[in-house]
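Comments concern the structure below.
The values are calculated or read from the model by the stated rules, or taken from the named source; none is laboratory data. The structure displayed is predicted, hence computed values, not measured ones. Backbone-built Cβ (ideal geometry, glycine too); neighbour counts: all protein chains shown.
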Amino acid sequence: MAKTEVYSWRLSPRLKSQLEEAAHDKQKSLAELLEQIVEDWLCRGRRQQGDDEEQQRLHAAALKFVGTIDGGRPDRAENARADVRSRLARRHGR
């Protein structure tokens, strides 16, 4: 694909030096290195967005089941003491 677009920005001398050094170490031009860095960053951002969307979907699916275990008696916890005493009385004939 032909490169026809130009983009420029200002950066610190320290960062420019680090970029030039990294390009030299990788035996690439500065433009090639910057293009690779940008492409990697954009892909990582898309993956992260996909991961976030997947987490939201899973969270929504799990919320359907939170607190929905149904034993048929919504007052069971409130009456637990009386239920236990009643069962013990039946079991032990009290």
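Tabulated results
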| item | result |
| --- | --- |
| Every pair of residues 6+ apart whose Cβ atoms lie under 7 Å, when the first sits in segment 33-49 and is closer than 21 Å to Glu20 by Cα while the second is modelled with pLDDT of 90 or more and assigned to a helix (DSSP H, G or I) | Leu33/Leu19; Leu33/Ala22; Leu33/Ala23 |
| Pairs where the first residue, in segment 1-28, is small (Gly, Ala, Ser) and the second is surrounded by 10 or more Cβ atoms within 10 Å (Cβ to Cβ), C-beta under 7 Å, 6+ apart | Ala22/Leu33; Ala23/Ser29; Ala23/Leu30; Ala23/Leu33 |
